[in-house]
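Working notes for the structure below.
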Amino acid sequence: MALWPFGVHDREHPSLGVILVVDDEESIRKISRLTLTKAGYEVIEAENGEKAIEVLNTGENPLTVDVILCDIRMPKINGVEAIQYFRTQYPSVPIIVQTGFPDLNLATSLMKQGIVDYLVKPVEKEKLLAAVSKAAEQRTTCNT
């Protein structure tokens, strides 16, 4: 389904969901944003865990997101710390890890904590979309 223009959503072309992309690499955020908006998602970006927490908690009503896509190695609040916060404050929001530094022990630990998927950069477009779609479905199932 192609949206015209990409990333514009209205009654005829509703968004598939809101994705928070947390990554300190601007190029990764840009590629993720382009891939996801082209597929029909709305994307919000944060350059580290601290900014992601700030974005989620700004204003009187915390921001509702359908999926969080989070890097691990970031300045200020790293991905592991951010994920712990997301799991306690937003337990129904599925989390996908996207990292350039694969670590089997960390992946196993995070999966036990309830992350939906553990992707290694560079992530193929199809793999990213499949993981986000699966996670968004889990979010929908949890909310109904």
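Search the structure for amide H atoms under 5 Å from the amide H of residue 44, placed 1.01 Å from N in the peptide plane, and list their residues when 5 or more places away or on another chain. Long-range HN contacts for residue 44: 19, 20, 21.
Screening the chain for DSSP H helices whose Cα atoms reach 18 Å or more along their own axis and whose mean Kyte hydropathy is at least -0.5 gives 26-39. In plain terms, the residue of 118, 85, 41 with the fewest other Cβ atoms within 10 Å comes first and the most crowded comes last, giving 85, 118, 41. Summed over qualifying helices (DSSP H, 4 residues or more, each -39500 (n - 2.57)) and divided by its residue number, the chain shows a 222 nm mean residue ellipticity of -13500 deg cm²/dmol.
Each Cα pair under 8 Å and six or more residues apart adds its separation to the average, and for segment 18-143 the resulting relative contact order is 23 percent.
Where a number appears in this text, it was derived from the coordinates with a stated rule and is not lab data. Keep in mind that what you see is a predicted model, and the values were worked out from it rather than measured. All Cβ positions, glycine included, derive from the backbone under ideal geometry; neighbour counts span all protein chains shown.
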